[in-house]
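The values are calculated or read from the model by the stated rules, or taken from the named source; none is laboratory data. Computed from a predicted model, the values in this text were never measured in an experiment. Neighbour counts run over all protein chains shown; Cβ positions are idealised from the backbone, glycine included.
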Amino acid sequence: MLKTKRKRSFAFHSPYDLDVCATRLAGLAPQIPTGVFEKTRFIKVERLDADHYLFHLRQDAGPTLLVEIKGTLVKTGHSTYVTGVGRAGLLILGLIVLISLFSVIFSPLGLIVALFFSWIFFDQTSLAHKRLYECVLDVLAGQP
């Protein structure tokens, strides 16, 4: 069962052994669905010690929009405890804020345009995060 601590963080128990989880995550790249603008995928799984792995999934969700999940795999008996947190690169949001500041000064319509592009940014970000989370869940939380 998936527990959400914050909007973009997650934690769940996987029925798989620690090394099996790491191997399944490392082979995840071809399974991540892509949207219209999504292209680059990066997956890194790194062993810390006998009972811990770190993983990092990153995907371009559009022009100048980067979405990533960083997490840990922790051995708990014959299963694995998976935790992670997602975030998005804020370059495009910073540009939207900058453009909106200038456009509000010169036109009241600028605020509406800035709100529209902000909505698109957050919509695309949450869709990309959802796809990455679902891939991690499908690969690690399924039945062995």
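A compact table of results
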item	result
Residue in the range 91-109 that is at pLDDT 80 or above and surrounded by 15 or more Cβ atoms within 10 Å (Cβ to Cβ) present	no
Members of the range 118-144 that are surrounded by 15 or more Cβ atoms within 10 Å (Cβ to Cβ) and farther than 23 Å from Gly27 by Cα	Ser118, Phe121, Gln124, Thr125, Ser126
Any hit, the range 40-48, residues being aromatic (Phe, Trp, Tyr), farther than 16 Å from Leu127 by Cα and either under 18 Å from the mean Cα position of the chain (by Cα) or at pLDDT 90 or above (or both)	yes
Per-region count, the range 55-73, residues surrounded by fewer than 15 Cβ atoms within 10 Å (Cβ to Cβ) and either in contact with a helix residue (DSSP H, G or I) (Cβ under 7 Å, 6 or more places away or on another chain) or modelled with pLDDT of 95 or more (or both)	1
Given (1) at pLDDT 55 or above; (2) within 14 Å of the chain's Cα centre (by Cα), index of the condition Ala26 fails	(2)
Scan of the range 73-89 for residues that are in a strand (DSSP E or B) and under 14 Å from Asp19 (Cβ atoms), ordered by number	Leu73, Val74, Lys75, Thr76, Ser79, Thr80, Val82
Failed criterion for Ala114 (all others in (1) at pLDDT 75 or above; (2) surrounded by 16 or more Cβ atoms within 10 Å (Cβ to Cβ) hold)	(1)
In the range 130-144, the residues that are touching an Asp or Glu at 6+ places or on another chain (Cβ under 9 Å) and of a type outside the set (A, V, I, L, M, F, W, C)	Arg131, Pro144
